[in-house]
Amino acid sequence: MSSTAAVDVRAWLVWGGSAFLIALMARNPLVLLELGMVVVIVRGACVPPDRLSGAGWLLRLAPVMLAIGVLFNLLTVRAGDQVLASLPSDWPVLGGNLTWNALAFGVVSALALFVLILIGTTLGALIRWTELA
């Protein structure tokens, strides 16, 4: 069958939970990139071909997630000392300084969201949900 036939479903749940925990807690871009590479390797090595759906939709979704995450953080986060631009302060919620720090945090948050979706789709392809009962 596949290499996942010998692996108990609980082991995949522990793997997925551990990967989710790292992706939720880490805000270091190198850690997130490394975790993403590990998930891609596990996906390629362990997911049976009949359960492996194309990753094209995920790659098309990545720029959208990046744009939304960066824009949201840039317009709403008022942290940091490196000013990129300023909006009129009388604008509700959006007014004030737009910072490079908020932009960087938006990029890292979008990367974390992308890795979380990658982990979830990989875990969903690895687990036969009927085996959990």
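The values are calculated or read from the model by the stated rules, or taken from the named source; none is laboratory data. All figures in this text were calculated on a predicted structure; none of them were measured in a lab. All Cβ positions, even for glycine, are placed from backbone atoms using ideal geometry, and neighbour counts span all protein chains on display. For accessibility, only protein heavy atoms count, side chains too; no ligands or nucleic acids. Shrake-Rupley method; radii C 1.70, N 1.55, O 1.52, S 1.80 Å.
Can you name the residue in the stretch 29-48 that is of a type outside the set (A, V, I, L, M, F, W, C) and in contact (Cβ under 8 Å) with a residue 40 or more places away in the chain and is also nearest to TRP12 (Cα to Cα) among such residues? Don't jump to the end; show me each part of the working.
Let us first name the residues in the stretch 29-48 that are of a type outside the set (A, V, I, L, M, F, W, C), namely 29, 34, 36, 43-44, 48.
Subsequent filtering for residues that are in contact (Cβ under 8 Å) with a residue 40 or more places away in the chain retains 29, 36, 43, 48.
On the way: PRO29: 25, GLY36: 16, ARG43: 12, PRO48: 14 Å.
Looking at residues that are of a type outside the set (A, V, I, L, M, F, W, C) and in contact (Cβ under 8 Å) with a residue 40 or more places away in the chain, I get ARG43.
Just to be sure, is GLY17 closer than 26 Å to THR130 by Cα and not hydrophobic (A, V, I, L, M, F, W, C)?
Numbers: closer than 26 Å to THR130 by Cα: yes; not hydrophobic (A, V, I, L, M, F, W, C): yes.
In short, yes.
Could you check the stretch 80-112 and list, in sequence order, the residues that are open to solvent by 80 Å² or more (accessible area, probe 1.4 Å) and either in contact with a helix residue (DSSP H, G or I) (Cβ under 8 Å, 6 or more places away or on another chain) or of a type in the set (Lys, Arg) (or both)?
Result: ASP81, GLN82, VAL93, PHE105.
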Scan of the stretch 86-133 for residues that are assigned to a loop (DSSP other than H, G, I, E, B), of a type in the set (A, V, I, L, M, F, W, C) and touching a strand residue (DSSP E or B) at 6+ places or on another chain (Cβ under 7 Å), ordered by number | LEU94
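Tell me the helices (runs of 4 or more DSSP H) entirely within the stretch 9-85 that contain at least 2 residues that are aromatic (Phe, Trp, Tyr) and either in contact with a Lys or Arg (Cβ under 6 Å, 6 or more places away or on another chain) or over 15 Å from ALA112 (Cβ atoms) (or both). Let's see the steps before the verdict.
Numbers: elements: 9-25, 29-46, 56-76.
In the stretch 9-85, 9-25 are the helices (runs of 4 or more DSSP H) which contain 2 or more residues that are aromatic (Phe, Trp, Tyr) and either in contact with a Lys or Arg (Cβ under 6 Å, 6 or more places away or on another chain) or over 15 Å from ALA112 (Cβ atoms) (or both).
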Scope the stretch 43-87; condition closer than 30 Å to ALA6 by Cα and not hydrophobic (A, V, I, L, M, F, W, C); matching residues | ARG43, GLY44, PRO48, PRO49, ASP50, ARG51, SER53, GLY54, GLY56
